[in-house]
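Engineer: This is the structure, below, for whatever I ask next.
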Amino acid sequence: MHTLTHLNELESEAIYVLREVAAQFERPVILFSGGKDSIVLTHLAHKAFYPLRIPFPLLHIDTGHNFQETLDYRDALVERLGATLIVGSVQESIDTGRVKEETGYNASRNKLQTTTLLDAIEKYKFDAAVGGARRDEEKARAKERFFSHRDEFGQWDPKNQRPELWNIFNGKKNIGEHFRVFPISNWTEMDVWQYIYKEGVEMPSIYFTHERDAFFRDGQWLAAEPCMKLKPGETVERKQVRCRTIGDISCTGLTLSRATSLEEIIDEIAATRVTERGGRADDKRSETAMEDRKISGYF
Amino acid sequence: MEKTDTSGYLDMELLRFTTAGSVDDGKSTLIGRLLYDSKSIFEDQLEAVEIASRRGGNDEVNLALLTDGLRSEREQGITIDVAYRYFATPRRKFIIADTPGHVQYTRNMVTGASTADLAIILIDARNGVLEQTLRHSYIAALLGIQHVVVCVNKMDLVDFSREVFEETRARYLDIAAKLRLDSVTFLPLSAKLGDNVVSASTRMPWYAGPTLMELLETIPVNHRVNEQESRLPVQYVIRPISDKFHDFRGYSGRLAGGVLKKGDPVTVYPSGQRSTVAAITRHDQELDEAFAPESITVQLADDVDVSRGDLLAGGEPPLVAREITLMICWFNERPLRPGNRYIIMQATRETIGVVTAILHVVNVNTLESESGKESLQINDIARVALKTAKPLAFDPYAKNRVTGSLIFVDPDTFETVGGGMIEGV
């Protein structure tokens, strides 16, 4: 009797979902943030359609507050895969008055991304936005479908989701509606890193330990970049850190770490006692912060 | 720092299981215990649950809050939707489809069971086998789950009595026989105190079997690979326009059964054209053979007409028909009436179908059949006759879960309104 390993089975499932997207939708797009999950997603899409190029573009919602390493990595990847990149700019949404920027010390552009994302979906008439969200990340995401329906306002109705049986994915919708699709729903943080290790996927340098100017706020280290305002009493220190999850600079917690290789990252995660989103300021705003953002159309 | 064996973690097996039982049976406590004792709950999650428990007026930490993620679930203290949970031990990775056990949520139980290899059925030791036990077991059997693990929980409240356990077991064996469940295992446990969940109970020396965790780690994961047949529902045709791959025409899909080897003769269904497998690829690798459920791309030796929705099959042939009988679970407020048209999605095929007759409705609480029904209501389970516009190529569900299952989509709202398990022609 032949059984697949868990990584082979998860890969096979994700590739199956990606091919369903290509078959069922006219204008799909991959949501690419430069984080590890969207990197794995793009790697899977490359494998799913080979020797065809990935038959959909990548969309990066750029908050304007990105780590430079992420942008460099993104551009190199797009060139290597021969993929098309579309950038949706949060700065532009602010400049044109579509959104109003938060003020204060904890101001973040995280929430503003939703408007920029929905505007891009409407502008390019995307009917499926494929993302790297995982069910193990957060409790509202644990209830998410692989094919998740969004109404014409881009909203999620968590209590009224279509049942999803076996591996039959129903991507049918009315004009103006769209789907969010999550091929790596069943992967955990550990699976993602093991897969990166097994496949030898190249990663942005900020996932590995490096020295960086950082400051301590609300129980975590944050990057002392120009877009961050220091409170009185907060001081900048040079620290040996790495990112465990990458978002906008304003909400990406830094982990004190000496992990220089994928093996060391995997060991570190195996021994850790805090979830990866434990370092995400955007989730700490309230008990249902993620559910609220998802309902209004967030990733 | 705890050191892990990185290479060892790369080739674990995957076990998908579902849990059935009501809140009162201690289901959430059991899941919380499995997650907690396997160190899959992190400090920040525990802290969040402790805060939420205090806010809800609980003195003890309410582990149910770990699984109930939506605001209204937390407010009402119920599980509305299927929640997926993950944990791993050094031996296996587990995916739990946690489904609410209340009667109106049959739809969620069916959904959770549809991808599971194993079902945990919880019984409160004080109450024994109840109507809902029968319902949960019936759904597990209907959805073709291979293994059922009956957990007789709350043994601490019956003085860890062997008699209580044996009596429940005897009563359940009657159900198992009726439902033709062939792999049933019984465990006495206390999820609250942890007895026989991860560590063996010292209070039930009369029980010599494995703990629940040991059982989950060792029970055979059988992907029903029948080596006598191969099934590849075609998802997508890959035709690159480039000089390097000028003649490449690949049929991609996930193997839904069996083994496919290079050189194998295959037939395209429903058209019946024949060819042989010229190449099997996974990304840029050429393979001599592939196993279910691998996602692959196949090239054929002949120029035959193949498109999405076709089934490439070798070995024992599938059935091809436009009129079939199936078991159906109805999920929607709008009732099913014979004569209504639905979009039918089966494997990668799509067509229009009409239910021509409701043969009988199953009362899931008594397992009795009721005939003469003119419509199906939400949560009804029934045997029906279906006629489709285009022929379907399939296997009976009992033989193949992928080629034997289908869903009903409402052509007006595009909602998924029913799930079907094909019996035959």
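Engineer: Direction-averaged shadow area of the convex hull around the Cα atoms of the stretch B:319-424, nm²?
Structural biologist: 6.1
Engineer: A further question on this structure: Give a residue-ordered list of calculated ³J(HN,Hα) values for the stretch B:285-290 (Karplus: 6.51 cos²θ - 1.76 cosθ + 1.60, θ = phi - 60°; whole Hz; x for Gly, Pro).
Structural biologist: 9, 8, 10, 7, 8, 9
Engineer: Let me ask another. By its C-alpha gyration tensor, with a ≥ b ≥ c as the square roots of the eigenvalues, how is chain A shaped: rounded for a/c under 1.5, else prolate for a/b larger than b/c, else oblate?
Structural biologist: oblate
Engineer: Any chance you could check the Cα centroid distance between the stretch A:72-119 and the stretch B:250-315 for me, in angstrom?
Structural biologist: With the stretch A:72-119 and the stretch B:250-315 each reduced to a Cα centre, they are spaced 42 Å.
Engineer: Suppose R0 equals 56 Å; then what is the FRET efficiency for A:Arg53 and A:Glu263 from their Cβ-Cβ distance, rounded to the nearest 0.05?
Structural biologist: My answer for the efficiency is 0.95.
Engineer: Long-range amide H contacts for A:Glu164: which residues qualify at under 5 Å (H placed 1.01 Å from N, peptide plane, sequence gap of 5 or more or a different chain)?
Structural biologist: Under 5 Å from the amide H of A:Glu164: no residue qualifies.
Engineer: Something else about it: How many lysine pairs in chain B, separated by 8 or more positions in sequence or lying on different chains, have Cα atoms less than 18 Å apart? Provide the component values of the computation, followed by the final result.
Structural biologist: Values: B:Lys3/B:Lys39; B:Lys27/B:Lys154; B:Lys27/B:Lys192; B:Lys39/B:Lys93; B:Lys39/B:Lys192; B:Lys154/B:Lys192.
Value for chain B: 6.
Engineer: Let me ask something else. Cut-off is 10 Å between beta-carbons; in what order do B:Asp302, A:Asp248, A:Asp72, A:Asp267 appear when sorted fewest neighbours first?
Structural biologist: Fewest-to-most Cβ neighbours within 10 Å comes out as B:Asp302, A:Asp72, A:Asp267, A:Asp248.
Engineer: Relative to the compact globular guide of 2.2 N^0.38 Å, what is the alpha carbon radius of gyration of the protein assembly as shown, as a ratio?
Structural biologist: 0.96
Engineer: Mean-square fluctuation check for chain B, GNM, Cα pairs under 10 Å: which of B:Val49, B:Val355, B:Val320 is largest?
Structural biologist: Among B:Val49, B:Val355, B:Val320, the largest GNM mean-square fluctuation belongs to B:Val49.
Engineer: Given the DSSP H assignment, sum -39500 (n - 2.57) over each helix run of at least 4 residues in the protein assembly as shown and divide by its residue total; what's the result at 222 nm in deg cm²/dmol, nearest 500?
Structural biologist: -7000 deg cm²/dmol
Engineer: Evaluate the charge dipole of the stretch A:41-170 about its Cα centre and quote only its size in Debye, nearest 20, assuming +1 on the Cβ of each Lys and Arg and -1 on the Cβ of each Asp and Glu.
Structural biologist: 500
Engineer: Can you sort A:Cys251, B:Cys151 by how many other beta carbons sit within 10 Å, fewest first?
Structural biologist: Fewest-to-most ranking of A:Cys251, B:Cys151: A:Cys251, B:Cys151.
Engineer: Once phi is turned into ³J(HN,Hα) by the Karplus curve 6.51 cos²θ - 1.76 cosθ + 1.60 with θ = phi - 60°, what whole-Hz value does each residue of the stretch A:248-265 show in order, with x for glycine and proline?
Structural biologist: With coefficients 6.51, -1.76 and 1.60, one gets 4, 3, 5, 10, 9, x, 9, 9, 5, 7, 10, 6, 9, 9, 5, 4, 5, 5 Hz.
Engineer: Moving on to the next point. As a footprinting exposure proxy, order A:His46, A:His210 by other Cβ within 10 Å, with the fewest listed first.
Structural biologist: The fewest-first ordering by Cβ neighbours comes to A:His210, A:His46.
Engineer: A follow-up question, please. Within 10 Å of each Cβ in peptide B:405-413, how many partner chain Cβ atoms are there on average? Round it to a whole number, please.
Structural biologist: Mean shielding by partner chains, rounded to a whole number: 3.
Engineer: Efficiency by 1/(1 + (r/R0)^6): what FRET value for B:Thr366 and B:Phe245, r their Cβ-Cβ distance, R0 = 60 Å, to the nearest 0.05?
Structural biologist: Numbers: r = 60 Å, r/R0 = 1.00.
Between B:Thr366 and B:Phe245 the formula returns 0.50.
A short reminder: the numbers here are calculations on the coordinates, not readings from a lab. Source: prediction; values computed, not measured. Every residue, glycine among them, receives a Cβ derived from its backbone with ideal geometry; neighbour counts consider all protein chains shown.
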